[in-house]
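Heads up: the structure comes next, in structure tokens.
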Amino acid sequence: LTQSPLFLGKYRSRGFGLAQLELERSQDDDSKRSYRIKTGMQKLRKALGSSEGEWFTMDLRSPVIAYDEYLRSTASTEHWMPERLRATEMDRMVSRVVLSGWDLAAGMPKDDDFGIGAGSVLLFRSELPKKELIDALAGLEADGVGERRDEGFGQVLVNDTTRIDRSR
């Protein structure tokens, strides 16, 4: 991004809405993300006392929207969890939410969607090798899950170590 004026909102041609945008790299880069996921797996394995498979948690930072094969909203993880993770849902604490919005281009309300609410937590077990699973989960956290990710839905945090530490 070069140094040029950026105008936002109405009346831009009249000089209103001048803004300055400053971009910087996120503190949670891939190496830190992978380390947090790996550390969380070790803590979960110890806390659960299980030697079978690799365990991980998924905290939803924003609502997740998913559809089944008939395009109905669903809370089932089988419709938004990538199959390549070979993950089985073991436990969940979730809330359901109704999501509505406004389509500016059409000037009409969007159809209501049902989703899994932000703050929900899911526990999974995977049969993937640890290194492969860590890489896949880091990518999943960076990209998000479910539908309408470009609108901010589907943001997840894998293995929130503060939550794991508090559960002991």
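Things to note:
- Computed from the Kirkwood radius of its Cα pairs, the Stokes-Einstein diffusion coefficient for the range 12-95 at 10 °C and 1.306 mPa s stands at 93 µm²/s.
- Max-minus-min Cα coordinates of the range 89-168 on each principal axis give 48, 26, 21 Å, with the largest extent listed first.
- Within the range 83-129, trypsin sites (Lys or Arg not before Pro) in DSSP loop having at most 13 other beta-carbon neighbours inside 10 Å: Lys110
- Share of pairwise Cα separations in the range 25-72, more than 12 Å, in percent: 73
- Within the chain, helix-based [θ] at 222 nm, where runs of 4 or more DSSP H residues each add -39,500 (n - 2.57), nearest 500: -7500 deg cm²/dmol
- To the nearest ten degrees, helix 30-48 and the longest principal axis of the Cα atoms of the chain are 40 degrees apart.
- The chain: relative contact order in percent, alpha carbon pairs under 8 Å with at least 6 residues between: 29
- Lysine pairs meeting the criterion (Cα under 14 Å, 8 or more apart or interchain), as found in the range 13-168: 4
- 0 to 90° range, to nearest 10: angle between helix 130-143 axis and the chain longest Cα axis: 20
- Computed over the Cα atoms of the chain, pair by distinct pair, the Kirkwood hydrodynamic radius stands at 18.2 angstrom.
Every number in this text was worked out from the coordinates using simple rules, so none of it is lab data. This structure is a prediction, so every number in the text was calculated from the model and none was measured. Here Cβ is always computed from backbone atoms with ideal geometry, including for glycine, and neighbour counts include all displayed protein chains.
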